[in-house]
Amino acid sequence: MYRFTRRGALALGACAAATLAGCARPKFIGYDGPPVTRVVVQKANRRMYLLNEKDILQGYRIQLGFTAAGPKQFEGDGKTPEGRYHIDRRNPNSSFFLSIGIDYPNAQDRAFAAAMGKSPGGDIFIHGWGDLRRGRSEDWTAGCIAVKNKEMVDVYAMVGTGTPVDIFP
């Protein structure tokens, strides 16, 4: 389906050989498959897809904000945004393993929150679970999109800065 670079494959091979010694999958891997041209998040289905044009490259089960229903509107509401956003930053030292930032709030989000006399919030990411063990069915983030750490390794390698992210109800 997709290919990882030789450097990434070598790191995975070395780790596989050392599995009995407790080696975890490397945090950083290379990727030289088809580019991810869009990320699609379906909140109702708790699914995220990495696409190359119309082809699905990968799909993931996700967890969302602790009050997932409806679009994020204000700081602290525990909701995950809905709409078109873009990846605008990368954090290899995230408290949640690895993370890629989503450019929430956009101008429309800021205007709506300002009209209500509130802050729209910010710092929305696609990130791993971090060090905590979690059940697959719980929504727990402050509005972010979470995948397992081992899945975040692939997402971090595959999704570049500037990639559009469409988040649907």
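The values are calculated or read from the model by the stated rules, or taken from the named source; none is laboratory data. As the structure is a computational prediction, the values presented were derived from the model and not from experiment. FYI the Cβ positions are ideal-geometry reconstructions off the backbone, even for glycines, and counts take in every protein chain you see. Surface areas here come from the heavy atoms of the whole protein model, side chains and all, with no ligands, DNA or RNA. Shrake-Rupley method; radii C 1.70, N 1.55, O 1.52, S 1.80 Å.
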Whole-Hz ³J(HN,Hα) from phi, Karplus 6.51 cos²θ - 1.76 cosθ + 1.60, for region 49-55, glycine and proline x: 10, 9, 10, 10, 6, 9, 8
How large is the translational diffusion coefficient of region 75-162 in µm² per second when you combine the Kirkwood radius over alpha carbon pairs with Stokes-Einstein at 37 °C and 0.692 mPa s? 239 µm²/s
Reach of Lys72 by Cα under 19 Å, taken over aspartates and glutamates that are not fewer than 8 positions away in the same chain: Glu82, Asp88, Asp103, Asp109, Asp123, Glu138, Asp139, Asp166
Which residues qualify? For Asn52, with a placed amide H closer than 5 Å and at least 5 residues away or on another chain, they are Thr37, Leu57
Taking the simple approach of a point 7 Å from Cα along Cα-to-Cβ for both Asn93 and Glu53, what is their distance in nm? 4.1 nm
How large, in percent, is the carbon and sulfur part of the accessible surface of region 62-101 at a probe radius of 1.4 Å? 51 percent
Using the Karplus equation 6.51 cos²θ - 1.76 cosθ + 1.60 (θ = phi - 60°), what ³J(HN,Hα) coupling, rounded to whole Hz, does each residue of region 106-117 give in order, writing x for Gly and Pro? 8, 4, 5, 4, 5, 5, 4, 4, 4, 5, 9, x
Under 5 Å between amide H atoms, partner at least 5 residues away or on a different chain: which partners does Gly121 have, H built in plane at 1.01 Å? Glu75
About the Cα centre, and with charges only on the beta carbon of Lys, Arg (+1) and Asp, Glu (-1), how big is the dipole of region 39-169? Nearest 20 debye, please. 300 debye
Out of Gly70, Phe96, Gly121 - ranked by how far each Cα lies towards the positive end of the dipole of region 60-123, with unit charges on the beta-carbon of charged residues - the top one is Phe96
Which value, in Å², gives the accessible area per residue of region 95-169 when a 1.4 Å probe is used on the protein heavy atoms? 45 Å²
Phi-derived 3J(HN,Hα) across region 119-126 with the Karplus relation (6.51, -1.76, 1.60, θ = phi - 60°), rounded Hz, x for Gly and Pro, is 8, x, x, x, 6, 9, 9, 9
What is the distance, in nm, between label points placed 7 Å from the Cα along the Cα-to-Cβ direction at Lys148 and at Gln42? 2.0 nm
